[in-house]
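Any read-out appearing in this document is the output of simple, stated calculations on the displayed coordinates, not a laboratory observation. Because the structure is a prediction, the values reported are computed rather than measured. Methodologically, a virtual Cβ is constructed for each residue, glycine included, from the backbone with ideal geometry; neighbour enumeration extends over all protein chains shown.
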Amino acid sequence: IKTRMKNRLPVIKKLKTQGIVGENNKGYLEFVGGKKEKADVVAAENEDRKVVYAAIAKQQGTTAELVGKRRALQIAKKASPGEWVQDASGKWIQK
């Protein structure tokens, strides 16, 4: 999983830079504009994240949803200027 995610990173970064995808408040990628470029890459990334969150949740004795929400906060803090992130209320904001 780690290798697949690492290999997808350049494509995901480009999609974020172009404003096509953003990070939602659940720890997953989501389309923010009308364009749905590279939907297969986005779907594959989200699927792998789901597996990773479930594994972390099992280790920590919590839920995958909570792990995803925590991860979303970390990702939002690290987001580059111009990237889209979703706040806790579900509103999309551009950093």
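Could you tell me whether the stretch 31-40 includes any residue that is among the β-branched types (Val, Ile, Thr), surrounded by 13 or more Cβ atoms within 10 Å (Cβ to Cβ) and in contact with a helix residue (DSSP H, G or I) (Cβ under 6 Å, 6 or more places away or on another chain)? Outline the logic, then answer.
So in the stretch 31-40, the residues among the β-branched types (Val, Ile, Thr) come out as 32.
From what's left, surrounded by 13 or more Cβ atoms within 10 Å (Cβ to Cβ): 32.
Next cut, in contact with a helix residue (DSSP H, G or I) (Cβ under 6 Å, 6 or more places away or on another chain) only: none.
So far as the stretch 31-40 goes, no, none of its residues is among the β-branched types (Val, Ile, Thr), surrounded by 13 or more Cβ atoms within 10 Å (Cβ to Cβ) and in contact with a helix residue (DSSP H, G or I) (Cβ under 6 Å, 6 or more places away or on another chain).
Six or more apart or on different chains, Cβ under 7 Å: which pairs go from a residue in the stretch 26-52 that's touching a residue at least 12 places away in the same chain (Cβ under 8 Å) and under 18 Å from Val85 (Cα atoms) to one that's among the polar types (S, T, N, Q) and outside any loop (DSSP other than H, G, I, E, B)? Could you list them?
Tyr28/Asn46; Leu29/Asn46
Scan the stretch 64-95 residue by residue and report those that are among the polar types (S, T, N, Q) and surrounded by fewer than 13 Cβ atoms within 10 Å (Cβ to Cβ). Steps first, please.
Of the stretch 64-95, the ones among the polar types (S, T, N, Q) are 74, 80, 86, 89, 94.
Correct list: Gln74, Ser80, Ser89, Gln94.
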